[in-house]
Amino acid sequence: MSTAVLFAMTFGVAFAGMFAGAGSLPAAAQQTPGTTEVKIDNFSFGPAELKIPVGTTVTWTNRDDIPHTAVSTDKMFKSKVLDTDEKFSFTFSKPGTYEYFCSIHPTMTGKVVVQ
Amino acid sequence: MSVNPFDLKTVVLAKHAQHVVLIHFPIALFMVAVAFDFLAQWGKSRSLAAAAYFNLLLAACFTVPVVATGLAAWQFALEGQKLKGILLMHLVLGCVSAVVIWVVFLIHLRARRHPENSLPTYRLSLEAIAVLLVGVTAHLGGFLSGVNGPG
């Protein structure tokens with residue numbers, strides 16, 4: 001086997017791997033707009049920080065025994081008082097960072113990063 | 001959201017924090033007043049009766065800012081939305097407790113202004129009911145504020 005053939009085979013495999021990887025990476029990293037859930041439990045939002053693409057609807061569900069709210073600091077969204085198992089949804093149509101908190105327990109905070 | 005607890009702006013504008021702080025005063029004063037009144041009745045002590053009266057006076061006075069800050073928290077933090085569940089129970093029981101504390105105080109005030117009339121014994125039953133009401137309201141308030149959680 002000539003050096004040229006060996007060279008071509010080596011780089012061929014390497015390129016194939018690169019393209020295979022390149023093909024799978026965007027699929028893994030790509031986030032399509034849809035719905036995402038934030039659970040409110042034990043006096044905290046989970047996840048506390050969420051990264052989502054534009055157009056995603058976030059649903060907050062109160063899994064705690066006591067009432068909570070989800071209110072953005074810039075008044076972009078504001079839930080009513082959520083009792084146990086009640087939900088609130090909001091669709092993020094603009095990119096940006098949206099910080100929010102529970103107006104009954106202001107130390108409970110969260111963040112949604114819309115990309 | 002880090003805050004300096006000694007910053008005046010934090011203290012004044014901390015939404016419903018004032019309610020959570022002030023509520024301890026009428027609870028403690030009323031409980032002590034009732035204890036003194038029971039002891040005064042049992043031991044026929046005028047000084048304990050006087051101590052009960054002044055504790056009741058302060059407890060009744062403290063209910064005013066406590067109810068005001070509670071209602072303000074409802075209006076500002078929750079924008080006056082319709083309450084239900086624990087929040088509604090806390091609001092109703094809190095208002096009823098404040099009224100009963102005032103009624104107990106007025107019974108003592110009336111007896112004090114008319115020394116010829118002794119304090120009615122039914123007040124002790126009313127005081128016991130009031131202690132129960134205050135206790136349940138405080139329990140719900142503690143539950144809401146997250147004393148049993150990291151909130």
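Read-outs: derived from the displayed coordinates by stated rules, not from any lab. This is a predicted model, so every value here is computed, not measured. For neighbour counting, all protein chains shown are included, and Cβ atoms are generated from backbone atoms with ideal geometry for every residue, glycine included.
Our summary of shape: the Cα atoms of segment A:31-115 have principal axis extents of 33, 22, 18 Å, ordered from largest down, in whole angstrom.
Evaluate E = 1/(1 + (r/R0)^6) for A:THR73 and B:LEU126, where r is the Cβ-Cβ distance and R0 equals 30 Å; express this FRET efficiency to the nearest 0.05. It comes to 0.05. Give me the angle, in degrees from 0 to 90, between the Cα long axis of helix B:46-76 and the longest principal axis of the Cα atoms of chain B, rounded to the nearest 10. Helix B:46-76 sits at roughly 20 degrees to that axis. Taking other Cβ atoms within 10 Å as a rough exposure proxy, B:HIS19, A:HIS68, B:HIS114 sort from fewest to most as B:HIS114, B:HIS19, A:HIS68.
Rounding to the nearest 10 and keeping the result within 0 to 90°, find how far the Cα-based axis of helix B:122-145 lies from the longest principal axis of chain B. In chain B, helix B:122-145 runs at an angle near 10 degrees to the longest axis. Can you give the FRET efficiency for A:ALA48 and A:SER93, using 1/(1 + (r/R0)^6), R0 = 25 Å, r = Cβ-Cβ distance, to the nearest 0.05? According to the calculation, E is roughly 0.65. One way to sum up the overall shape of chain B is the equivalent ellipsoid from its Cα gyration tensor, whose semi-axes run 33, 16, 14 Å, largest first. Placing a pseudo-label 7 Å from each Cα along the Cα-to-Cβ vector at A:ARG63 and B:ALA72 gives an inter-label distance of 3.7 nm. Residue by residue along A:38-44, Cβ atoms of other protein chains within 10 Å of the local Cβ number 2 on average. Inter-chain neighbour count for A:104-111: the average number of beta-carbon atoms from partner chains within 10 Å of each residue's beta-carbon is 5. Once backbone amide H atoms are built at 1.01 Å from N, A:LYS111 has A:GLU49, A:LEU50, A:TYR100 as its partners under 5 Å, excluding neighbours fewer than 5 places away on the same chain. Where both bridge residues fall in segment A:35-114, DSSP classifies roughly 65% of the beta bridges as antiparallel.
Sorting A:ILE104, B:ILE101, B:ILE107 from the fewest to the most surrounding beta carbons within 10 angstrom yields B:ILE107, A:ILE104, B:ILE101. A straight Cα-to-Cα reach below 18 Å connects A:LYS94 with the lysines A:LYS51, A:LYS75, A:LYS78, A:LYS111, residues fewer than 8 places away in its own chain not being considered.
When B:ARG113, B:ARG123, A:ARG63 are arranged by Cβ crowding within 10 Å, least crowded first, meaning fewest neighbours, the order is B:ARG113, A:ARG63, B:ARG123. Label sites at B:CYS61 and B:PHE143, each approximated as a point 7 angstrom past Cα along Cα to Cβ, lie 3.3 nm apart.
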